[in-house]
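Working notes, structure below.
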Amino acid sequence: MSAPEQAWALPSPLAEAPPFDTAPSLPAAAEAPERLVVVPARHPWRWVAGAAVLVLLAQFVHGLATNPGWEWQTFAGYFFEKSIMDALLITLELTFAGAVLGFAGGVVLAALRLAHNPVLKAVSWGYVWVFRSVPLLVQLLFWANLGYLYRTLQVGVPFGPGFHEFQTLHLVSSLGAALLGLSLHEAAYAAEIVRAGMLSVDAGQREAAAALGLPRGRQFRRILLPQAMRAILPSAANELINLLKSTSVVYVLAIGELFYQVQVVYGRTGRVVPLLMVATVWYAILTALLSLVQHRVEKRFGRGATR
Amino acid sequence: MSTGPGQAARGAVVEIRDVHKAYGKNDVLRGIDLTLPAGSVTAILGPSGSGKSTLLRAINHLEKVDRGFISVDGDLIGYRRVGDRLHELSERQILKQRVRIGFVFQNFHLFPHLTAIENVAEAPLSALGRPKAEAYATARRLLDRVGLADKEDAYPRHLSGGQQQRVAIARALAVDPAVVLFDEPTSALDPELVGEVLDVIRSLADAGTTMVVVTHEIGFAREVADTVVFLDGGRILEHGPPGEVLDAPRHERTRAFLAKVLV
């Protein structure tokens with residue numbers, strides 16, 4: 001690094017500055033810029049903070065490994081156990097069906113909310129209000145008790161004669177009640193996510209599509225929806241992950257999904273912590289998978305959005 | 001209303017009769033009468049808020065008028081006449097009418113998730129139902145015509161403002177419109193990019209399409225337009241050949257406006 005030396009040697013109007021002043025670098029910049037070396041700013045506190053966090057983390061991992069209370073042997077024994085696998089499948093089915101039905105309902109509700117018809121608008125708003133107000137757990141219990149409210153259900157003319165009658169108890173099984181509750185709950189949140197996505201598309205896009213004379217359905221599918229998807233996807237993925245864990249609430253209807261099943265097992269064996277860990281790790285794995293899918297799908301819909 | 005490729009190059013007559021439009025209490029258009037002959041190029045000038053853009057948007061029914069009507073080659077736009085009543089057409093029918101009328105926006109409004117060629121081919125594909133190969137061939141030809149043959153796979157974000165507007169012009173032309181409307185096509189551009197877009201519009205003027213251009217480019221209006229219309233307060237203050245309106249305006253308002261924009 002000869003730059004400072006060089007600078008000292010150069011005659012400069014600032015040469016008579018005090019020896020500890022940094023001034024000499026100034027004439028150097030003015031007269032020999034190619035000799036200057038850029039030194040990035042140091043960030044010592046980043047290292048300190050990083051080290052502190054790593055120590056805490058190491059302590060936690062050490063505890064996981066050494067504390068016998070975690071009972072990793074038991075955990076390993078149950079992780080792939082048949083009854084857990086079956087329960088996992090039911091959790092996945094509930095999540096998948098709930099997401100499909102919920103988002104289908106959400107799209108319809110969002111369309112109603114964005115329609116010009118004030119009645120449809122109000123109904124959509126009312127639905128979202130009701131289903132966001134009622135806790136999922138409470139809603140599920142209502143569906144499970146539908147047979148108490150209405151012993152039979154009829155298909156027919158409104159306020160007129162009926163054609164076919166069902167026994168409510170036969171129509172709505174506990175699994176049906178769970179799926180119904182999850183879907184209706186999900187639809188209310190999905191409606192808001194879809195609506196936000198549609199509103200995020202610049203009004204000029206709709207106008208440009210209309211000015212070109214593109215048919216209405218094509219405007220929606222080809223122009224508006226792909227752009228709305230960019231705003232919809234992150235929230236939708238968030239909601240899907242939320243739904244995955246919300247399926248654990250249906251244990252109140254005695255449905256053998258993951259959380260219900262681990263309770264059954266630890267009720268029998270008394271090994272609470274390792275079995276809760278079985279459920280936790282499975283939920284974490286599924287969430288990781290969903291996040292991965294989210295990343296892929298977002299990338300696909302991000303076309304043209306990044307340089 | 002045929003749009004066969006043979007006659008499409010010929011422009012259409014646009015008639016504007018007694019058009020009124022208000023937003024709430026604000027009268028934007030207060031009785032506009034104008035006939036634009038087939039193949040003519042009309043420049044609409046006027047101070048901001050004079051109703052220029054609203055008039056332009058009314059021509060393809062992006063804006064509904066409160067009174068009066070607009071027709072293209074004798075077909076009412078947006079309405080069907082039964083006796084003395086004008087019945088508004090369904091959205092579907094209006095969309096069909098718009099295929100004959102191209103529109104170029106101030107802010108381009110290209111579809112950001114589609115490449116340049118996909119933007120241009122979209123209307124031939126879905127509004128005209130052309131086969132894919134044909135729609136893309138048309139799109140390629142048009143991109144070449146606006147000087148962007150090498151940019152067909154670029155997304156709008158990767159193009160400069162001037163290039164985006166040229167793609168937007170190609171997109172508007174892709175359905176062989178009889179009328180093309182330009183809403184301040186260069187107002188959103190950096191000064192050094194204005195020329196390339198005006199060059200493209202100038203080249204269209206000779207092709208026989210009826211064109212209406214809302215603009216602040218007085219020099220361009222003088223050179224390309226055969227009629228200049230000066231709008232103020234929702235009325236046509238004067239109109240005529242550029243030589244008359246721009247060089248010897250009869251109204252004080254026109255003179256004042258021109259003095260401001262020509263500085």
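The values are calculated or read from the model by the stated rules, or taken from the named source; none is laboratory data. Remember, predicted model here, so these are calculated numbers, not experimental data. Counting neighbours? That spans all protein chains shown, and the Cβs are built from the backbone with ideal geometry, glycine included. Side chains are part of the model used for accessible areas, which takes the heavy atoms of the whole protein and leaves out ligands, DNA and RNA. Shrake-Rupley method; radii C 1.70, N 1.55, O 1.52, S 1.80 Å.
List of remarks:
- Within chain A: Cβ-based charge dipole about Cα centre, in debye rounded to nearest 20 (Lys, Arg +1; Asp, Glu -1): 1040 debye
- Kirkwood hydrodynamic radius (C-alpha pairs) into Stokes-Einstein, region B:140-263, 4 °C and 1.567 mPa s, D in µm²/s: 82 µm²/s
- Under 14 Å from residue A:121, Cα to Cα: aspartates and glutamates that are on another chain or at least 8 residues apart: A:192
- Chain B: C-alpha gyration tensor shape, a/c 1.5 cut-off, then a/b vs b/c: oblate
- The listed residues B:90, A:246 rank as B:90, A:246 when sorted by accessible area, largest first, using a 1.4 Å probe.
- Surface per residue (accessible, 1.4 Å probe) for region B:124-259, Å²: 41 Å²
- Region A:137-191: proportion of alpha-carbon pairs further apart than 15 angstrom, %: 55 percent
- Remark: accessible surface ordering of A:95, A:66 (largest first) is A:66, A:95, probe radius 1.4 Å.
- Note on region A:38-188: the C-alpha convex hull projects to 19.5 nm² when averaged across all orientations.
- Dipole magnitude for the protein assembly as shown: about 1600 debye, using +1 per Lys or Arg Cβ and -1 per Asp or Glu Cβ, origin at the Cα centre.
- Shape summary of region A:187-232, radius of gyration then Dmax from alpha carbon positions: 11.0, 34 Å.
- For the protein assembly as shown, carbon and sulfur atoms together expose 60% of the accessible surface, with a 1.4 angstrom probe and every protein chain in place.
- Coil-residue trypsin sites (Lys or Arg not before Pro) of region A:41-135, DSSP, other Cβ within 10 Å capped at 10: A:42
- Across chain A, the relative contact order, built from alpha-carbon pairs under 8 Å that are at least six residues apart, equals 21 percent.
- The 1.4 Å probe gives accessible areas that order A:129, A:282, A:143, largest first, as A:129, A:143, A:282.
- Of the residues B:76, B:90, B:61, the one whose Cα sits farthest toward the positive end of the charge dipole of region B:55-100, with +1 on the Cβ of Lys and Arg and -1 on the Cβ of Asp and Glu, is B:90.
- Lysine pairs within region B:1-142, Cα separation less than 30 Å, 8 or more sequence positions apart or different chains: 9
- For the protein assembly as shown: Kirkwood Rh in Å [reciprocal of mean 1/r, alpha carbons]: 30.1 Å
- Region A:255-307 and region B:137-173 have Cα centres spaced 47 Å apart.
- Counting only protein heavy atoms and a 1.4 Å probe, chain A has 62 square angstrom of accessible area per residue.
- Helical mean residue ellipticity (222 nm; -39500 (n - 2.57) per DSSP H run of 4+; nearest 500) of chain A: -22500 deg cm²/dmol
- Loop-located trypsin sites (Lys or Arg not before Pro) in region A:143-243, at most 15 other Cβ atoms within 10 Å (DSSP): A:151
- The H on the amide N of residue B:18, modeled in the peptide plane, is under 5 Å from the matching H of B:32, B:33, B:34, each at least 5 residues off or on a different chain.
- Taking N as the residue count of region B:28-75, its C-alpha radius of gyration divided by 2.2 N^0.38 Å amounts to 1.16.
- Here chain B is treated with +1 on each Lys and Arg Cβ and -1 on each Asp and Glu Cβ, and its dipole about the Cα centre works out to around 720 debye.
- Rounded if a/c under 1.5, otherwise prolate or oblate - chain A, Cα gyration tensor axes: oblate
- Low-density loop cleavage sites - trypsin sites (Lys or Arg not before Pro) in region A:233-272, where at most 11 other Cβ are within 10 Å (DSSP): none
- Within straight-line reach of residue B:151, meaning a Cα separation under 15 Å, sit the following aspartates and glutamates at least 8 residues removed in sequence or on another chain: B:118.
- Think of a 1.4 Å ball rolled over the protein heavy atoms: region B:8-52 then has 40 Å² of accessible area per residue.
- Expressed as a fraction of 2.2 N^0.38 Å, the C-alpha radius of gyration for region B:83-173 is 1.22.
- Residues in region B:121-166 occluded by at least 40 Å² - accessible area, probe radius 1.4 Å, against chain by itself: B:122, B:126, B:155, B:157, B:158
- Remark: accessible area buried at the B-A interface is about 2300 Å², both chains counted, probe radius 1.4 Å.
- Scaling the Cα radius of gyration of region A:80-163 by the globular reference 2.2 N^0.38 Å produces a ratio of 1.51.
- Convex hull volume per residue for region A:150-246, taking Cα atoms only, in Å³: 160 Å³
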